[in-house]
Amino acid sequence: MVKHALGKAMLSAAALTISLCLITASANATVKPGDVIAPSNAAMVKDLVSPGVYYAVTHGMRMNIIAPDRVDWPPPYREATEKYSQQVRLTNDHRSMIGYVAGQAFPLIDPNDPYVANKIMWNNVFRPITSDDYDLRFYDCQSEYVRPGQDQKIIDDIEIGHYAGYNLVGRTEVDPLPVDPDFKQSNRLWVFALYPVLAPQEARGTGLIRYRYGDPNRGDDSWDWTPGTRRVRRLSEAILSTATGAQSYDPDHYAGFNPKTEQYNYRFLGEKEMLASVHAEHSPENTCPYDGGATACPEAWEMRHLYIVEATPRRDMGEAGSALDKSTNVFVDTELCFEPYVDTYDQKGHLWRTHIYWLAFRDRPVPDARVAIYPFKREFVVGAASIDTQGNFATMCYLPGQHTPERECWYINMGAIDKDFCTVKAMVSAAP
């Protein structure tokens, strides 16, 4: 069986010079199972979370510390890793991969590898959480100002029918396996669809389609649909990293850190034991009553082993990153290959955005599921928050929604959608 080469918490000489408190080596945890972390004792976790998560804790978010527990890959994904990973390598320019078929591309991570950061980010692209297809039905995102100690005051409440995607490469559970034959013709790695928006009324029926290509020099294609004008609009790449409207999410952070991989430079900052929420207890998630609804809390957090990678937009290639982005620190869980949080810094080097994700490890997305039940446990993202730390403004998404008519919510690797679902034609047809 292929195993992770995790090693001990090690930092390169270059990383030791970085003036970020989160990078300082900390061998001993300062929290224990049973602890409750709140603003009054937030200092206990300052060195165990990212600056963005620390902002959330100091502004009201509470953590219930639990004992750490293992997260296993889905067996088909593990088998594909064992079968195909030995043939994968980076291209000569170290930006793309060749030889990838399915499973994890680089299961053996060496912190001393000069290109370890690139390999970690490619593992993040082809991660085990969703390898074939997924359809999240009926979820909602609420936007509000961060208001410590005050009641929630919703500014915008967005409800969406489908958040769905289909992978053409890296398939492990649903035919066609392991690669959709269409990949040779279209060169699409995956296709994505978000539609129809059900609320608010002025946005009802809108949607987004996005395609990612294997060609490292070709940016993503994306389109949106506006029912009022009955117009399909092709979007600029720049809009994919830009939040629009009264909410703080952008498409590049809908699922962790998800811009086109080759459009960024990467630097390995180290690895460290840190807190993350990967065994969340609630689905739907709780609205935090202590920060004006900006996050989900109280929720279970545990010590995890994380890689820390700095991602810097390549301004010479495509339109990567927002105009305000200088760099992003991506915290990748070594078992999940998914980031429990992501911090972005502005051009002056000040923290200005953080994205936090709450995950649950179980065999069904909700306790009363009757259809979306799996023969093994898998990870589900049950909550996600995007916070503008400079404007004290947040968008908290509930996955599934708190008042959804569809209780099953997450359909992962079940063939629930196909490529045709992720087309402009299907998006337009679904508009109410």
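The values are calculated or read from the model by the stated rules, or taken from the named source; none is laboratory data. This structure is a prediction, so every number in the text was calculated from the model and none was measured. Because the Cβ atoms are built from the backbone with ideal geometry, glycine has one as well, and the counts that use them run over all protein chains shown. Keep in mind that these areas ignore ligands, DNA and RNA; they rest on the heavy atoms of the full protein, side chains included. Shrake-Rupley method; radii C 1.70, N 1.55, O 1.52, S 1.80 Å.
Listing for the model above:
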| item | result |
| --- | --- |
| Residue match in region 410-423 (condition: surrounded by 18 or more Cβ atoms within 10 Å (Cβ to Cβ), hydroxyl-bearing (Ser, Thr, Tyr) and assigned to a loop (DSSP other than H, G, I, E, B)) | no |
| Region 21-34 - residue that is at pLDDT 95 or above and closer than 23 Å to residue 334 by Cβ and, of those, least open to solvent (accessible area, probe 1.4 Å) | 31 |
| Test for residue 204: is it open to solvent by 30 Å² or more (accessible area, probe 1.4 Å), within 28 Å of residue 393 (Cβ to Cβ) and more than 21 Å from the chain's Cα centre (by Cα) | yes |
| Search result, residues across region 148-163 that are open to solvent by less than 40 Å² (accessible area, probe 1.4 Å) and either over 24 Å from residue 376 (Cβ atoms) or out of contact with any Leu (no Cβ under 7 Å at 6 or more places or on another chain) (or both) | 156, 158, 160, 161 |
| Restricting region 341-368 to residues that are among the aliphatic types (A, V, I, L, M) and more than 18 Å from residue 279 (Cα to Cα), the residue that is surrounded by the fewest Cβ atoms within 10 Å (Cβ to Cβ) | 351 |
| Test: residue 210 is surrounded by fewer than 20 Cβ atoms within 10 Å (Cβ to Cβ), in contact with a helix residue (DSSP H, G or I) (Cβ under 7 Å, 6 or more places away or on another chain), under 30 Å from residue 109 (Cβ atoms) and at pLDDT 95 or above | no |
| From 166, 145, residue being of a type in the set (Phe, Trp, Tyr) and surrounded by 23 or more Cβ atoms within 10 Å (Cβ to Cβ) | 166 |
| Near pairs, Cβ below 7 angstrom, 6+ apart or cross-chain, from region 214-228 (surrounded by 14 or more Cβ atoms within 10 Å (Cβ to Cβ)) to any residue that is part of a loop (DSSP other than H, G, I, E, B) and of a type in the set (A, V, I, L, M, F, W, C) | 222/235; 223/235; 224/235; 225/431; 227/431 |
| Filter result (in contact (Cβ under 8 Å) with a residue 60 or more places away in the chain and among the hydrophobic types (A, V, I, L, M, F, W, C)) within region 159-180 | 164, 168, 169, 174, 177, 179 |
| Top-ranked residue of region 374-432 - restricted to ones that are of a type in the set (Ser, Thr, Tyr) and more than 16 Å from residue 194 (Cα to Cα), ranked as modelled with the lowest pLDDT | 404 |
| Number of positions in region 326-385 that are β-branched (Val, Ile, Thr), under 14 Å from residue 411 (Cα atoms) and in contact (Cβ under 8 Å) with a residue 12 or more places away in the chain | 4 |
| Long-range neighbours under 6 Å by Cβ, at least six apart or interchain, first residue more than 26 Å from residue 432 (Cα to Cα) within region 181-198, second part of a strand (DSSP E or B) and of a type in the set (Val, Ile, Thr) | 183/169; 189/169 |
| Residue 217 vs. criteria modelled with pLDDT of 95 or more and among the polar types (S, T, N, Q) | no |
| Residues (at pLDDT 95 or above and over 18 Å from the mean Cα position of the chain (by Cα)) located in region 303-318 | 303 |
| Filter result (hydrophobic (A, V, I, L, M, F, W, C) and either modelled with pLDDT of 95 or more or surrounded by fewer than 19 Cβ atoms within 10 Å (Cβ to Cβ) (or both)) within region 319-335 | 323, 324, 330, 331, 332 |
| Filter result (open to solvent by 40 Å² or more (accessible area, probe 1.4 Å) and either of a type in the set (Val, Ile, Thr) or over 19 Å from residue 212 (Cβ atoms) (or both)) within region 94-118 | 94, 98, 108, 110, 112, 114, 115 |
| Options 134, 163, 195, 213: the member that is touching a Gly at 6+ places or on another chain (Cβ under 6 Å), within 30 Å of residue 306 (Cβ to Cβ) and not polar (S, T, N, Q) | 134 |
| Checklist (1) surrounded by fewer than 17 Cβ atoms within 10 Å (Cβ to Cβ); (2) polar (S, T, N, Q); (3) touching a helix residue (DSSP H, G or I) at 6+ places or on another chain (Cβ under 7 Å) applied to residue 187, failing item | (3) |
| Region 41-93 - residue that is among the charged types (D, E, K, R) and not in a loop (DSSP other than H, G, I, E, B) and, of those, surrounded by the most Cβ atoms within 10 Å (Cβ to Cβ) | 78 |
| Counted residues, region 81-108 - those being under 17 Å from residue 172 (Cα atoms) and either β-branched (Val, Ile, Thr) or touching an Asp or Glu at 6+ places or on another chain (Cβ under 7 Å) (or both) | 3 |
| Any hit, region 246-264, residues being at pLDDT below 90, touching a Cys at 6+ places or on another chain (Cβ under 9 Å) and surrounded by 16 or more Cβ atoms within 10 Å (Cβ to Cβ) | yes |
